[in-house]
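Accompanying notes for the structure given below.
The values are calculated or read from the model by the stated rules, or taken from the named source; none is laboratory data. Keep in mind that what you see is a predicted model, and the values were worked out from it rather than measured. All Cβ positions, glycine included, derive from the backbone under ideal geometry; neighbour counts span all protein chains shown. Surface areas here come from the heavy atoms of the whole protein model, side chains and all, with no ligands, DNA or RNA. Shrake-Rupley method; radii C 1.70, N 1.55, O 1.52, S 1.80 Å.
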Amino acid sequence: MAVKEPLAVNTVEITEARFREGAKAILNRKYNRLTAKVAVVLLAVLAVLYLIVCLTDGNPAILGGEVILYAAVLIWLRVVLPRTEEKKSYRALSQNGLPRRETFFYEDRLVVRPGAGEETEILYSDIVSQRETAHLLILTCASGSEVLLDKEGFSTGSPAEVCHLIWKACA
């Protein structure tokens, strides 16, 4: 059986800036929900403390320390922790130089070929969502893995053709 030529080919060099862009897009939904829940819980605790202070004829100003602590926790959760994790993950990914991925699109599947390592084949029917950022197209698979595509990295085909292939196969 003859091997068919790919309908589209994408190459992405995962620079730290592209990695950060992809990480923000991927984590935004899940992480925003989590940090919003934490903020609601902290506000509820603060409201209960305020009530207790007011009912015991105390001075609400004593809660200033709690407000500062809660603000610090939220800043740490929203800014410091994600940035630290991004840096650590990128360092691990780029140990052997600038990570490079080639993705080949066929009629019913795509094949991701990392710079070094085994190819991964993904059926279009396993793709559950797609997201776009300024420079990336991000495909999310049912397994939870993500495929990053550089919008300008198509040597054959285009982002629009790839999206059409995927959604045609899933229809």
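Structural remarks
- Across the range 101-113, the number of residues qualifying as closer than 17 Å to residue 138 by Cβ, open to solvent by 30 Å² or more (accessible area, probe 1.4 Å) and hydroxyl-bearing (Ser, Thr, Tyr) comes to 0.
- Criterion: over 26 Å from residue 36 (Cβ atoms), open to solvent by 40 Å² or more (accessible area, probe 1.4 Å) and free of Cβ contacts under 8 Å to residues at least 12 places away in the same chain - qualifying residue of 116, 160: 160
- When the range 136-155 is filtered for residues that are of a type in the set (Ser, Thr, Tyr), in contact with a strand residue (DSSP E or B) (Cβ under 6 Å, 6 or more places away or on another chain) and open to solvent by 60 Å² or more (accessible area, probe 1.4 Å), only 155 remains.
- Checklist (1) more than 16 Å from the chain's Cα centre (by Cα); (2) assigned to a helix (DSSP H, G or I); (3) hydrophobic (A, V, I, L, M, F, W, C); (4) loosely packed, with under 13 Cβ neighbours inside 10 Å applied to residue 98, failing item: (2)
- Checklist (1) over 28 Å from residue 20 (Cβ atoms); (2) open to solvent by 50 Å² or more (accessible area, probe 1.4 Å); (3) in contact (Cβ under 8 Å) with a residue 12 or more places away in the chain applied to residue 63, failing item: (2)
- The one condition in (1) open to solvent by 100 Å² or more (accessible area, probe 1.4 Å); (2) part of a helix (DSSP H, G or I) that residue 4 fails to fulfil: (2)
- Residue 79 surrounded by 15 or more Cβ atoms within 10 Å (Cβ to Cβ) and either closer than 19 Å to residue 138 by Cβ or among the hydrophobic types (A, V, I, L, M, F, W, C) (or both): no
- Test: residue 23 is under 30 Å from residue 129 (Cβ atoms), modelled with pLDDT of 85 or more and small (Gly, Ala, Ser): yes
- Enumeration of residues in the range 7-36 that are part of a helix (DSSP H, G or I), of a type in the set (Ser, Thr, Tyr) and out of contact with any helix residue (DSSP H, G or I) (no Cβ under 9 Å at 6 or more places or on another chain): none
- Residue under evaluation residue 133, criteria (1) surrounded by fewer than 12 Cβ atoms within 10 Å (Cβ to Cβ); (2) touching a residue at least 40 places away in the same chain (Cβ under 8 Å), criterion not met: (1)
- Every test in (1) in a helix (DSSP H, G or I); (2) exposed (fewer than 11 other Cβ atoms within 10 Å of the Cβ) is passed by residue 57 save one, and that test is (1).
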